[in-house]
Structures are given as C-alpha cells and as structure tokens.
Amino acid sequence: MTKPHVLQMGALPDWDEAPLRAAYELHRYFEAADKASYLAEVGPHVRAVATRGDLGAPADLIKACPALELVSVYGVGYDAVDLEACRARGIAVTNTPDVLTEDCADLALGMWLALSRGIVAAEAWARSGDWAAKGGFPLRHRASGKRAGVLGLGRIGMAVARRLEGFGMDIAYTARKPRAGAEKWHYIADPAELAARSDVVFVTLSATPETRHIVNAQVLEALGPEGMLVNISRAQNIDEAALLEALETRRIRGAALDVFEGEPAFDPRFTTLSNALLQPHHASGTYETRRAMGQLMRDNLAAHFTGQPLLTPVSL
Ligand code: 8YV
C-alpha cells in the first residue's frame with residue numbers, strides 16, 4: 001500500500017521525524033532550494049501538510065496541493081494557516097491545544113518576574129564582577145501583590161491567571177465576554193481600560209484578524225510608566241512600532257516578549273533596550289511539551305488516514 005504523501009513545513013525533533021518518515025512519503029519543503037519548483041513537483045501528490053504554529057500553511061501553498069485533505073499544526077496557534085482557503089476546499093485543520101498550556105503559562109510568569117526584578121541583568125552583575133567592584137545590584141520593583149491584567153482568557157490566559165492568584169495579584173481580564181469560572185476576577189471589556197488598572201498586562205489571546213494590534217499606542221499609554229507588558233501570544237497582537245517608541249521613551253516600564261514580527265530576524269532596536277526582556281519564541285519549548293505536541297500532531301494525521309475522528313480539529 002502506498003504511503004500517503006505529506007508535506008513537512010519545518011524541522012521537527014527526531015522523535016517526530018522518524019515515525020513520520022516511516023508512515024508517510026514525507027516531502028521536506030523547508031529544505032527545498034527552489035520551493036516553487038519543489039511544490040509544483042510534489043504538490044499534486046500531497047494529501048496532508050505537517051506544519052508548525054509559527055509556519056502555518058499559506059493560501060498559495062494550499063492551492064498548489066489540489067489533493068490536500070488535512071493541515072496538522074504542531075502548536076496551538078493556527079493563525080498562519082489560511083483558514084479561508086481550507087474552508088473553501090473542505091480541508092480539515094488540527095492543532096495541539098492543552099498539551100502546551102502549562103509550559104506557556106510558566107514561561108509567562110517567569111518572564112514577568114525576570115522583568116520586574118531584573119533577574120537577567122542581576123545575573124550579569126554577579127557574573128561580570130560588578131557586584132564586587134560596584135556593590136549591590138540596583139533596586140528593582142516588587143512583582144507580587146499588585147494588579148495584573150490578562151488580555152485573553154483562553155486556556156493559556158486562564159492558566160496564567162490561576163498562577164497569578166498564588167502571587168496575591170488583583171486580577172482583571174479582557175475577553176469577548178465574561179468567562180464562566182472567572183467570576184472571582186474583574187471582567188473589563190476594553191483593553192485600554194484593562195491596561196489603565198494594571199501594573200502588568202499579559203497578552204495571551206489567539207491571533208486573529210480582529211486582534212491585530214489590539215495592544216496599540218493608546219493601550220500602552222494607558223499602561224503607563226509603571227506598567228509592564230508580557231507577550232507570549234503572537235507579535236501581531238502588538239503594534240511593535242508603538243511598543244518600541246514606548247520602551248525607548250520609557251512611557252512604559254518594560255516589556256517581556258517571546259514573539260516578534262519577522263522572527264527569528266526581529267527589529268534590532270529591541271536589542272538596545274535595557275527595559276526589554278527578549279525570549280526566542282520558546283514558551284512551549286520543553287521536552288515534555290514538545291513530545292506531547294508532536295504525538296498529538298502525528299495522532300491527528302494517523303486518525304485522518306485511518307478514517308478515525310480527528311482528535312483536535314479547529315472550527316473553520
Ligand atoms: C510553535 C507556538 O508551534 O503553539 C504555538 O502556537 O507558537 C509554538 O509552540 C513553536 O514554534 C513550535 O515550533
């Protein structure tokens with residue numbers, strides 16, 4: 001029996017690539033020197049795309065695969081998949097929710113604490129000899145017991161909020177509507193209003209056309225010079241030009257960012273900022289979570305090709 005043809009959009013850990021190679025006729029798109037020619041050659045045979053949250057599947061690629069049946073995303077964010085193109089052709093899309101929630105929330109909290117207490121700069125202070133030469137590390141700000149805003153109370157936002165309770169935070173959130181199970185927290189519909197009453201805002205919402213630049217100059221102004229921003233969602237949820245301006249002019253205290261426009265090649269202005277904590281899009285980057293993500297991505301592929309219900313289809 002011939003193996004189904006699967007287009008692999010990006011590198012995956014060996015523990016995923018080996019079983020994928022065994023089960024499918026795997027086409028490693030990301031290694032092709034001439035991607036257009038490669039797609040013209042293999043696209044007609046491709047029945048599924050194995051992609052990542054950061055890579056997705058654009059409309060032109062979907063169009064070049066007339067036999068495409070499934071896009072299986074290794075990641076919870078499927079904003080880089082052209083859903084309209086999939087919807088129009090009845091192509092199913094799956095992602096890997098839940099398995100990465102806890103690690104993403106953990107990193108968000110770690111980024112907040114590191115930004116608030118200057119942990120990265122303090123490590124350099126100790127390691128460089130400044131401690132001995134210059135004395136104590138300059139004071140920073142308490143993190144716990146203050147006001148937190150969670151922008152987007154989905155799985156990850158809920159996990160962040162639950163962690164913040166342990167830090168004695170006064171929690172508010174923004175969502176399309178008040179969320180069941182969140183009655184103990186303040187619901188604020190408007191992001192600028194949320195920012196105005198927060199010392200730190202966590203951006204945890206899915207990226208959609210409606211959320212593009214939801215954190216804009218007005219929200220940053222409302223957050224103010226004592227306020228901090230933590231983004232583990234998608235760069236497009238923030239107006240990066242406005243953020244850079246706010247950071248460079250100290251109109252906000254600081255930002256901790258795990259995602260950037262154009263990543264991994266992001267705006268070098270971020271690297272000049274002492275009030276920005278930069279992370280390389282690794283919120284889900286643990287052995288435990290990436291193994292679970294890979295397994296779920298592969299289980300969705302296997303379910304599709306054995307006529308079983310998909311485990312985690314997204315609603316199109
Ligand atoms: C990426 C993510 O998938 O889950 C998501 O949506 O952004 C990440 O986990 C990551 O880039 C994996 O390669």
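One table, with the values for the structure above:
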| quantity | calculated |
| --- | --- |
| Of the criteria (1) surrounded by 15 or more Cβ atoms within 10 Å (Cβ to Cβ); (2) of a type outside the set (A, V, I, L, M); (3) in contact with an Asp or Glu (Cβ under 8 Å, 6 or more places away or on another chain); (4) closer than 23 Å to Ile119 by Cα, which one Glu226 fails | (1) |
| Condition check for Ala48: more than 15 Å from the ligand (Cβ to nearest atom), under 24 Å from the mean Cα position of the chain (by Cα), surrounded by 19 or more Cβ atoms within 10 Å (Cβ to Cβ) and at pLDDT 95 or above | yes |
| Close pairs from the range 290-306: first more than 11 Å from Ala23 (Cβ to Cβ), partner part of a helix (DSSP H, G or I), Cβ under 6 Å, at least 6 apart | Gly294/Asp16 |
| The listed residue being open to solvent by 20 Å² or more (accessible area, probe 1.4 Å), over 18 Å from the mean Cα position of the chain (by Cα) and of a type outside the set (A, V, I, L, M), out of Glu240, Glu183, Glu210 | Glu183 |
| Those residues of the range 270-289 which are within 12 Å of the ligand (Cβ to nearest atom), open to solvent by 20 Å² or more (accessible area, probe 1.4 Å) and either of a type in the set (Gly, Ala, Ser) or at pLDDT below 95 (or both), in sequence order | Gly285 |
| Any hit, the range 230-237, residues being touching a Cys at 6+ places or on another chain (Cβ under 6 Å) and open to solvent by less than 60 Å² (accessible area, probe 1.4 Å) | yes |
| Given (1) under 21 Å from Pro264 (Cα atoms); (2) touching a strand residue (DSSP E or B) at 6+ places or on another chain (Cβ under 6 Å); (3) away from the ligand (no atom under 13 Å from the Cβ), number of the condition Val81 does not satisfy | (3) |
| Qualifying residue in the range 293-307 (condition: outside any loop (DSSP other than H, G, I, E, B), open to solvent by 60 Å² or more (accessible area, probe 1.4 Å) and in the same structural domain as Ala48 (by TED's automatic domain parsing)) | yes |
| Where a residue in the range 198-209 is farther than 15 Å from Ser144 by Cβ and its partner, wherever it lies, is part of a strand (DSSP E or B) and among the charged types (D, E, K, R), with Cβ under 9 Å and at least six apart | none |
| Single condition Glu263 does not satisfy, out of (1) open to solvent by less than 50 Å² (accessible area, probe 1.4 Å); (2) within 12 Å of the ligand (Cβ to nearest atom); (3) among the charged types (D, E, K, R) | (1) |
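The values are calculated or read from the model by the stated rules, or taken from the named source; none is laboratory data. All figures in this text were calculated on a predicted structure; none of them were measured in a lab. Positions of Cβ are backbone-derived with ideal geometry, glycine not excepted, and every protein chain shown enters the neighbour counts. To get the accessible areas, we keep the full protein, side chains included, count just its heavy atoms, and leave off ligands, DNA and RNA. Shrake-Rupley method; radii C 1.70, N 1.55, O 1.52, S 1.80 Å.
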